[in-house]
Amino acid sequence: MDNKQHNKQSEATMRSCIVVLASFVCNGLVFSFINSYSVTYVYLLKRLVDAGISDASSKASLVGSLTVGTTFLMSPIAGVLIDRIGIRLTTFIGGAIATSSLIISSYFTHQVEVLYVTYGLLYGIGASLAYTPSLAILGHYFKNYLGLVNGIVTAGSSFFTMLIPYVVDHLLEQFGLDSCLRWEAAMSAMLMVCALAFKPTYKVEKSDMHKSLGDELRSLVNIDIWKNPKYVIWATMIPLALFGYFVPYVHLVKVVEDRFPSADGKILVTCIGISSGIGRLISGPISDCKRVDRIIMQQVSLFVIGLMTMCIIIVPHFYMLVLITLIMGVADGCFVSVMGPIAFDLCGQKGAAQAIGCILGLCSIPLTVGPPIAGWMYDVYKSYTGAFLIAGLPPLIFGTLLSTTKCVNKKTELEEIDPSEPKLLGQMSDVVYKEGKHSTIIPSEKCPLLLSKTDYPNYMI
């Protein structure tokens with residue numbers, strides 16, 4: 001019996017490690033291409049300028065911002081698909097769409113309007129369907145160290161971002177934009193391989209064909225997460241804070257080209273990748289500490305991101321710019337690594353997938369709008385000064401307003417729990433969430449217990 005139990009534990013440990021590795025690769029592949037778009041942007045901008053296209057900067061930046069915007073916009077749909085068809089199949093479909101979109105884009109590199117659809121929208125859809133499950137699967141395998149594991153996984157994008165800018169630049173110089181996109185498609189095919197590792201710990205329930213339309217819609221969309229006032233505030237302030245977030249990722253290399261012609265702008269993208277990875281690895285374990293407030297961690301990160309975005313355009317020396325991007329990367333890593341854990345804190349395991357998906361979907365609008373506005377300002381004023389100063393304001397303003405989450409409490413009510421009900425006690429013995437804290441205490445007699453409607457929607461609370 002002991003040997004069987006040991007073998008099961010070893011198998012579970014091995015599967016958990018494989019899940020972490022697959023999630024690490026998914027995050028790395030998806031966001032390294034997105035974060036490295038500033039390298040592709042310079043080549044695409046030159047092509048548009050040579051073709052005599054007006055507003056070339058805003059149009060070239062729109063291609064990349066549509067990608068990141070669609071990636072987050074589709075996250076709520078990805079969350080619903082996870083609940084309906086499973087994590088594994090959702091990820092596989094995402095990988096297939098991402099790969100196909102890059103192949104199609106490679107045949108239309110001279111038509112920016114087509115790239116809006118293929119590189120911007122289609123790749124964003126595929127990236128979203130692959131990225132969102134890679135976060136949702138972690139809650140199935142890890143509870144006590146979710147922050148640490150989430151930090152490791154999200155560090156994948158940082159690790160890949162250190163390398164991909166140089167890989168993309170080499171491919172662009174040697175083979176041109178067409179072949180570069182085909183190489184990216186080949187690498188994106190790994191997403192479909194990673195999908196095979198995402199086996200959830202509980203099965204997705206099949207829908208009942210006799211359900212009413214209202215019941216079917218309620219089963220598709222978890223509206224209970226929107227009854228949680230803390231989640232509503234968090235899901236409102238974070239998107240508003242991100243209006244300028246993606247501006248440096250699109251325009252940073254061009255800023256260096258304009259202000260420091262002899263410097264290599266790709267170094268800054270690598271610096272962000274390195275320090276962001278460090279930030280994610282450090283902030284993960286810190287966020288697991290019981291006394292640490294994850295929302296406060298996110299607030300501090302937003303303050304730093306806002307200040308560093310403003311400083312990018314005013315520092316007089318390139319080495320200062322390197323220092324700024326290193327600091328900015330650490331803050332970015334902290335900000336990203338606590339997104340998943342905060343969603344689990346506020347909405348529990350069953351609501352986390354759609355909670356993550358919804359907030360990422362809301363983030364799509366500011367992330368899409370920011371870079372084209374910065375590009376338009378550059379086209380008009382021939383300078384990035386105003387664009388970067390304005391881009392740094394939203395994180396400062398709305399990061400401060402996140403403090404309003406402390407003014408409300410999660411809605412809970414007292415319920416008399418009968419310990420003779422095995423089904424309810426079975427669920428309680430799994431995890432009971434109360435204000436983001438985990439408890440495995442099972443009452444030995446009838447007693448009052450605070451339960452969240454979000455986590456136990458099937459019981460009259």
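The values are calculated or read from the model by the stated rules, or taken from the named source; none is laboratory data. For clarity, every value in this text was computed on a predicted model and none was experimentally measured. Positions of Cβ are backbone-derived with ideal geometry, glycine not excepted, and every protein chain shown enters the neighbour counts.
State yes or no: is residue 327 within 29 Å of residue 78 (Cα to Cα) and surrounded by fewer than 24 Cβ atoms within 10 Å (Cβ to Cβ)?
no
Among the residues of region 360-394, which ones are among the hydrophobic types (A, V, I, L, M, F, W, C), crowded, with 23+ Cβ neighbours inside 10 Å and within 30 Å of residue 141 (Cβ to Cβ)?
Across region 360-394, the qualifying residues are 360, 363, 367.
What are the pairs with Cβ atoms under 8 angstrom where one residue, in region 137-149, is free of Cβ contacts under 8 Å to residues at least 12 places away in the same chain and the other, located anywhere, is buried (at least 17 other Cβ atoms within 10 Å of the Cβ) and part of a helix (DSSP H, G or I)? Sequence gap at least six, or different chains.
none
Given the options 109, 71, name the one that is buried (at least 22 other Cβ atoms within 10 Å of the Cβ) and of a type in the set (Ser, Thr, Tyr). Give the derivation first.
Details: 109 fails: buried (at least 22 other Cβ atoms within 10 Å of the Cβ).
The match here is 71.
Working only within region 268-300, note down all residues that are acidic (Asp, Glu) and touching a helix residue (DSSP H, G or I) at 6+ places or on another chain (Cβ under 8 Å).
First pass over region 268-300, keeping only residues acidic (Asp, Glu): 288, 293.
Within region 268-300, just 288 meets the criteria.
Within region 68-81, does at least one residue satisfy the condition of being touching an Asp or Glu at 6+ places or on another chain (Cβ under 7 Å), modelled with pLDDT of 85 or more and closer than 24 Å to residue 187 by Cβ?
Taking every residue of region 68-81 in turn, none turns out to be touching an Asp or Glu at 6+ places or on another chain (Cβ under 7 Å), modelled with pLDDT of 85 or more and closer than 24 Å to residue 187 by Cβ.
Determine whether region 79-99 contains at least one residue that is touching a residue at least 40 places away in the same chain (Cβ under 8 Å), touching a Lys or Arg at 6+ places or on another chain (Cβ under 6 Å) and over 20 Å from residue 176 (Cβ atoms).
Checking region 79-99: not a single residue is touching a residue at least 40 places away in the same chain (Cβ under 8 Å), touching a Lys or Arg at 6+ places or on another chain (Cβ under 6 Å) and over 20 Å from residue 176 (Cβ atoms).
Answer yes or no as to whether residue 315 is of a type outside the set (Lys, Arg), free of Cβ contacts under 8 Å to residues at least 24 places away in the same chain and either crowded, with 23+ Cβ neighbours inside 10 Å or not in a helix (DSSP H, G or I) (or both).
Yes.
So which pairs qualify, if the first residue must be in region 269-290 and polar (S, T, N, Q), the second must be not in a helix (DSSP H, G or I), the Cβ gap must be under 8 Å, and the two must be at least 6 apart or on different chains?
Note: pairs meeting the criteria are 283/338; 287/338.
Give me the pairs: first residue in region 1-26 and among the polar types (S, T, N, Q), second residue surrounded by 10 or more Cβ atoms within 10 Å (Cβ to Cβ) and modelled with pLDDT under 80, beta-carbon distance under 6 Å, and six or more apart or on different chains, which are they?
Qualifying pairs under 6 Å: 16/141.
I want to confirm something. Restricting to region 142-159 and keeping residues that are of a type in the set (Ser, Thr, Tyr) and out of contact with any Gly (no Cβ under 7 Å at 6 or more places or on another chain), which single residue is nearest to residue 270 (Cα to Cα)?
Applying the filter and picking the extreme gives 154.
Just one of the numbered conditions (1) hydroxyl-bearing (Ser, Thr, Tyr); (2) under 20 Å from the mean Cα position of the chain (by Cα); (3) surrounded by fewer than 24 Cβ atoms within 10 Å (Cβ to Cβ) is not true of residue 262; which one?
Condition not satisfied by residue 262: (2).
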